[in-house]
Structures are given as structure tokens and as C-alpha cells.
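Participant: Handing you a structure now.
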């Protein structure tokens, strides 16, 4: 149980493109979804927390207009990286939780050329 | 400022060795401590600890929380090459009614055949 699907697993695109990443909880309803960013050989950095039907809560230093989060249902949250630039290249991981613990998707490796 | 510190940062052992990984924290409104194993993709859940002194076991892995010392250890006995991974410690806390997790930097374990 507790399977979280994240799609796509890898994206390579040109600078200026907007990229949407989906996170789905497949066998449970996720009251909360989290979006993390991970740089090479570093730990997970929380970007934002989203609860179904309400606005996401962003961590300090994370641009809301740059990283748009939508949590439209109890099984789906999306992260859109708008007008992506090379510095946005990173590994993005979502997690979903209904209480504890959180369960992670497989991550999306984003490369902006 | 809340923080989670793991040690050592990296470790190289031979198959059959026993390893102990450490996680210490300074987090307000502590609720839980979780251990994850991260191989190539997203972290997989190992243990969740909420009470001091109660050991959790799963096969060759075990973990215990010490709330007095604000720390936890993860033990792996009779290590195998398949144990090679990054082990992440995360502390769950409540902030403004929202559950959030702070991750440590991880311990990179390499088990040699």
C-alpha cells in the first residue's frame, strides 16, 4: 500500500519553457502533499506544503509565482515550474501523507538547457 | 532555527560489518522522527519513532529514539551490498497547525563485497 506516482520522471527542455510535474497517491487519499527539491549530494529541501482545496504554504525563499502548486483533489497535486531557467535544474520529489508517515514519489529530474 | 544533523556524512564498510548511523535534532514542536533509505530515486520509508526508548526492528535494521538526548540511531547488522544507499533522517513537527518534515543531510553508506 501507500503508493505515490510522480510523472514525468525526467524532463529536458529549453530555457523559458514551463514544466508541469504531477504527483498522485494511487491507493490512499492524501490530505497533505509536499514538494521537495534535492541538489546533488544534498538532502531534501522542502519547497511547499499543500492541502487539498486550499492554497499551498511556501517555505521561505521559494518563489510562489515561479513554482505554482495546485492540489485539486485528495489524490493529485501538480507543481508547475514557470519560465524555467538553467538554475531551476534539479531533482524534484513529491510526497503524500494522510497522517504519518509521508510516502514519496520517484522524483522528476528536470534539466533546463 | 530548527535543524537535523546526521553523522557520519559517509561511511564505507565491508559486507558483514555492523553500522550505526546517528541523527540529532533541535526542532520545536517535535512530533516524530523518521528514517528513510534513498537509492537511485525517491526515499523509501524505514521507521517512524515517536516514543523514547522503544526499539523498532525490521530484519537486520533497527532504530531507537532518545528524546532526552534529542537523537536517534539506526543500526544495520550483517551489512550487504544492497544496503548501500543514502540514509535520511527526518523530523516531523507542527507549525501553524501544519505538519512538516525537516530532513538531515543524510549518511551515504557504501558496503563493499
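Where a number appears in this text, it was derived from the coordinates with a stated rule and is not lab data. These figures come from a predicted structure and were not determined experimentally. A quick note on method: Cβ atoms are made from the backbone with ideal geometry, for glycine too, and the neighbour counts reach across all protein chains shown.
Participant: Average partner chain C-beta neighbours within 10 Å, per residue of B:40-52?
Facilitator: Taking the mean over all residues of the peptide, I get 4.
Participant: Would you kindly state how much longer the chain becomes between residue B:96 and residue B:40 on full extension, computed as 0.36 nm times their sequence separation minus their alpha carbon distance, in nm to one decimal?
Facilitator: Length gained, residue B:96 through residue B:40: 16.8 nm.
Participant: Next question. Rank these for me by crowding, B:37, B:57, going from fewest to most other beta carbons within 10 Å.
Facilitator: Fewest-to-most ranking of B:37, B:57: B:57, B:37.
Participant: Residues of B:93-103, mean number of Cβ from any other protein chain within 10 Å of their own Cβ, rounded to a whole number?
Facilitator: Mean inter-chain Cβ contacts per residue within 10 Å come to 4.
Participant: For B:2, A:27, what ranking results if the residue with the fewest other Cβ atoms within 10 Å of its Cβ goes first?
Facilitator: So the residues, fewest neighbours to most, are A:27, B:2.
Participant: Follow-up. Output the Cα-based Rg and Dmax of chain A in Å, rounding Rg to one decimal and Dmax to a whole number.
Facilitator: 13.1, 38
Participant: Under a crude label model (7 Å from the Cα following the beta-carbon direction), how far is residue A:7 from residue A:106 in nanometres?
Facilitator: According to this spin-label approximation, the distance is 1.2 nm.
Participant: Let me ask you something else. Counting C-alpha atoms alone, how compact is the range A:1-52: give Rg to one decimal and Dmax as a whole number, in angstrom.
Facilitator: For the range A:1-52, the Cα radius of gyration and maximum Cα-Cα distance read 13.2, 38 Å.
Participant: What's the extension gain from residue B:1 to residue B:78 if we count 0.36 nm per residue and subtract their Cα-Cα distance?
Facilitator: Using 0.36 nm per residue and subtracting the Cα-Cα distance, I get 24.0 nm.
Participant: Separate question: Ignore the peptide's own chain and count Cβ atoms of other chains within 10 Å of each Cβ in A:97-107; give me the average, rounded.
Facilitator: Partner-chain Cβ atoms within 10 Å, mean over residues of A:97-107: 5.
Participant: Right, next: Using the per-residue mean of other Cβ atoms lying within 10 Å as a proxy for protection, in what order, highest first, do the peptides A:82-91, A:7-16 fall?
Facilitator: Sorting A:82-91, A:7-16 by mean packing, highest first, produces A:82-91, A:7-16.
Participant: Spin-label point model (7 Å from Cα, Cβ direction): what's the residue A:41 to residue A:85 distance in nm?
Facilitator: 2.6 nm
Participant: In Å³ and rounded to a whole number, note down the convex hull volume per residue for the Cα atoms of chain B.
Facilitator: In chain B, the Cα hull volume divided by residue count equals 96 Å³.
Participant: Can you give the three extents of the C-alpha atoms in the protein assembly as shown along their principal axes, from longest to shortest, in whole Å?
Facilitator: Principal axes ranked by extent give 49, 40, 35 Å for the Cα atoms.
Participant: OK, next. If one computes the Cα centroid of the range B:1-78 and of the range A:82-113, what distance in Å separates the two points?
Facilitator: Answer, in whole Å: 23.
Participant: Could you check the spin-label model distance between residue B:50 and residue A:17? Points 7 Å from the Cα along Cα→Cβ, value in nm.
Facilitator: Reported label-point gap for residue B:50 and residue A:17 is 4.4 nm.
Participant: Counting other beta carbons within 10 Å of each residue's own, what order do A:76, B:21 fall into, fewest first?
Facilitator: Going from sparsest to densest Cβ surroundings: A:76, B:21.
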